[in-house]
Amino acid sequence: ITATSDSPEDVNIEIEMLESDSIVVDIDGNVYETVQIGDQVWMKENLKVTHYNNGDEIPTGYSNSEWGNLSSGAYAVYDDNESNADVYGYLYNWYVVETGILAPAGWHVPTDEEWSTLTNYLGSDAGSQLAGMADLWNDGDLENNANFGTSGFTGLPGGYRYSNDGDYYAMGHNGSFWSSSESDNNF
């Protein structure tokens with residue numbers, strides 16, 4: 001999950017790296033740097049928050065079958081290995097996202113329209129531009145692209161936890177990012 005600011009900045013034509021004092025702090029005290037891409041400001045890394053921004057704890061620790069039967073918010077770490085959270089952040093289910101209180105105060109999980117604005121701004125190789133840390137990817141086409149990592153966004157291949165069976169999939173192969181626009185809540 002990444003988040004975008006509730007307060008749009010002035011429109012810029014180029015991708016601009018904001019000063020290091022442009023940070024976001026979540027309710028758990030985790031610090032995230034930001035990047036401005038076009039007229040949008042994005043967090044540069046995935047969330048690692050264990051509480052909603054109102055202070056309520058987000059449940060975790062569910063088995064695969066329990067995860068597959070959830071109808072309430074929860075988070076997990078890929079393969080239940082906490083060291084994966086240090087690199088990739090946490091994996092959240094749809095029920096956490098739909099609350100509207102996952103992102104740090106003043107921020108929100110982006111809508112489909114906001115994701116489209118971002119990728120349209122970057123153009124045909126947006127995936128390579130948004131990706132980061134080439135050594136984590138198992139996709140030569142993505143990381144060998146001359147524009148790999150040029151946006152400053154640092155999207156990582158953290159995989160996902162499937163809502164139907166609770167299994168973990170695709171670490172190293174894809175980065176899955178939630179939208180606050182509901183269409184498919186299977187991840």
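The values are calculated or read from the model by the stated rules, or taken from the named source; none is laboratory data. All of these numbers come straight from a predicted model, not from anything done at the bench. Here the Cβ positions follow ideal geometry from the backbone for every residue, glycine too, while neighbour counts run over all protein chains shown. Side chains are part of the model used for accessible areas, which takes the heavy atoms of the whole protein and leaves out ligands, DNA and RNA. Shrake-Rupley method; radii C 1.70, N 1.55, O 1.52, S 1.80 Å.
Overview of results
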| quantity | calculated |
| --- | --- |
| Residue-wise HN-Hα coupling along segment 72-79, computed from phi with Karplus coefficients 6.51, -1.76, 1.60 (Hz; x: Gly, Pro) | 9, x, 7, 10, 9, 10, 3, 6 |
| For the chain, with +1 on Lys and Arg beta carbons and -1 on Asp and Glu, the positive-most of ASN64, PHE177, ALA74 along the dipole | ASN64 |
| Lys, Arg +1 and Asp, Glu -1 on Cβ, resulting dipole of segment 86-154 about Cα centre, debye, nearest 20 | 180 |
| Length added when fully stretched, ASP165-ASP39, from 0.36 nm per residue minus Cα-Cα | 41.5 nm |
| Segment ASN69-ASP56, length gained on full extension (0.36 nm per residue, minus Cα span) | 2.5 nm |
| List MET133, MET43, ordered by accessible area with a 1.4 Å probe, largest first | MET133, MET43 |
| Simple Cβ-charge dipole of the chain, Lys/Arg +1 and Asp/Glu -1, about Cα centre, in debye nearest 20 | 240 |
| Relative contact order [Cα under 8 Å, 6+ residues apart], the chain, whole percent | 23 |
| Contour excess over end-to-end distance, with Cα ends at ASP86 and GLU182 and 0.36 nm allotted per residue | 31.8 nm |
| Which label in (1) 112, 20, 10; (2) 49, 21, 17; (3) 26, 20, 15 gives the computed semi-axes √(5λ) of the Cα gyration tensor in Å | (3) |
| Local electrostatic count at GLY61 - Lys and Arg +1, Asp and Glu -1, tallied over other residues with Cβ under 15 Å | -4 |
| Where labels lie 7 Å past Cα in the beta-carbon direction, separation of TYR121 and ALA146 in nm | 2.3 |
